[in-house]
1. Would you mind stating whether ALA68 is surrounded by 15 or more Cβ atoms within 10 Å (Cβ to Cβ), out of contact with any Cys (no Cβ under 9 Å at 6 or more places or on another chain) and either without any contact (Cβ under 8 Å) to a residue 12 or more places away in the chain or of a type in the set (A, V, I, L, M, F, W, C) (or both)?
2. Going by the conditions given, is TYR136 within 16 Å of ligand 1 (Cβ to nearest atom), in contact (Cβ under 8 Å) with a residue 60 or more places away in the chain and either open to solvent by 10 Å² or more (accessible area, probe 1.4 Å) or in contact with a strand residue (DSSP E or B) (Cβ under 8 Å, 6 or more places away or on another chain) (or both)?
3. Here is a list: ILE86, ILE70. Which entry is at pLDDT below 95 and either assigned to a helix (DSSP H, G or I) or away from ligand 2 (no atom under 16 Å from the Cβ) (or both)?
4. Can we say ASP116 is surrounded by fewer than 16 Cβ atoms within 10 Å (Cβ to Cβ) and of a type in the set (D, E, K, R)?
5. Based on what the data block shows, is GLU218 acidic (Asp, Glu), touching a residue at least 12 places away in the same chain (Cβ under 8 Å) and within 30 Å of ARG24 (Cβ to Cβ)?
6. Which residues, counting only those in the stretch 243-298, are more than 19 Å from ALA186 (Cα to Cα) and of a type in the set (Gly, Ala, Ser)?
7. Looking only at the stretch 114-172, which residues are in a helix (DSSP H, G or I), of a type in the set (Gly, Ala, Ser) and within 16 Å of ligand 2 (Cβ to nearest atom)?
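The values are calculated or read from the model by the stated rules, or taken from the named source; none is laboratory data. These numbers come from a predicted model, not from an experiment. Please note: Cβ atoms are built from the backbone with ideal geometry, for glycine as well, and neighbour counts cover all protein chains shown. The area values use the complete protein model at the heavy-atom level, side chains included, leaving out ligands, DNA and RNA. Shrake-Rupley method; radii C 1.70, N 1.55, O 1.52, S 1.80 Å.
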Amino acid sequence: MSSTPAQSAVLVELEPVVAENLDRHLSLAKEWHPHDYIPWSEGRDFAFLGGEDWAPEHSRLDETAKAAMITNLLTEDNLPSYHREIATRFGRDGAWGTWVGRWTAEENRHGVALRDYLVVTRGVDPVALERARMDYMTLGYDSGDKTPLEAVAYVSFQELATRVSHRNTGRATGDPIADKLLARIATDENLHMVFYRDLIAAALEADPAATLSAIATELETFAMPGASAPQFRRRAAVVARAGIYDMKVHREEIVEPLLRYWEVFELTALDAAAEQARERIAAFCAELDRRIERSANR
Ligand SMILES: [Fe+2]
Ligand SMILES: [Fe+2]
């Protein structure tokens, strides 16, 4: 990770905005408890304790719901890597440090709740799930060489993508209990997105060229954090076919609302570098539209 003094200065400059957003986050985030969302009465022992091991017919989830749930859970599981990423980039002092800690604690709840649900309801093979978790966490997650501004732009898109993916997965399960749990998790992800989104809005005022360039780079290179998980591509194809998360969802529910909120195409009095970055964003959107149209025609 390389960060020039100028880039670190951005983080210092944003600190008051971080403090403000942290206060707002803490006042809006409602306490909730993972155990409330789990149908414990459905739970029973596995063979190790004299019960019965998992069999496919125990699951009430179809293949799409299974693929989406596993992807979402593995993605949440790699939290230690994400914590390392943001703690190293944003630091552990002041409002940034408090945010990093609080965010980590909230995220951990998501993995806990999703695993409890899947194990108690026997939604997926717990042995395969545990092996996939071991592999993915051993591999870890590395977001590459992002500047702090690129990292904030990335997590704005990623938190919104995670929100939409949880929300649509809940609906796709056909299980009201899973739907309620995933809607609750999606509400957390939404608040995370709002936090980062508003930092980018402040950064756009302070340094439009650097911020627009960071947005352009993150749009061009975006991949979900779970993309390096075992068999991600196979599951992502299933999830896309079901419309839980595909290019169209990405364009309409992630890219568009954020660009609109930041008023990227309405900004005036930009210098040449900022204009150039904005043209990259416009070119990215046009290319994404072409790809969506091509895939709809197929
Ligand atoms: Fe999460
Ligand atoms: Fe989140």
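1. yes
2. Values: within 16 Å of ligand 1 (Cβ to nearest atom): yes; in contact (Cβ under 8 Å) with a residue 60 or more places away in the chain: yes; either open to solvent by 10 Å² or more (accessible area, probe 1.4 Å) or in contact with a strand residue (DSSP E or B) (Cβ under 8 Å, 6 or more places away or on another chain) (or both): no.
So TYR136 does not fit the description; no.
3. Details: ILE70 fails: at pLDDT below 95.
Of ILE86, ILE70, the one residue that is at pLDDT below 95 and either assigned to a helix (DSSP H, G or I) or away from ligand 2 (no atom under 16 Å from the Cβ) (or both) is ILE86.
4. So ASP116 does not fit the description; no.
5. Criteria met by GLU218.
6. ALA269, ALA272, ALA273, ALA274, ALA277, ALA282, ALA283, ALA286, SER295, ALA296
7. Start the filter on the stretch 114-172 by keeping residues that are in a helix (DSSP H, G or I), which leaves 114-120, 126-139, 148-172.
From what is left, the residues that are of a type in the set (Gly, Ala, Ser) are 128, 132, 151, 153, 156, 161, 165, 170, 172.
Listed by number, the residues that qualify are ALA151, ALA153, SER156, ALA161, SER165, GLY170.
The rows are residues; the columns are (1) closer than 30 Å to ALA272 by Cα; (2) within 16 Å of ligand 1 (Cβ to nearest atom); (3) out of contact with any Cys (no Cβ under 6 Å at 6 or more places or on another chain).
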| position | (1), (2), (3) |
| --- | --- |
| ASP179 | no, no, yes |
| ALA183 | no, yes, yes |
| ALA186 | no, yes, yes |
| MET193 | yes, yes, yes |
| TYR196 | yes, yes, yes |
| PRO208 | yes, no, yes |
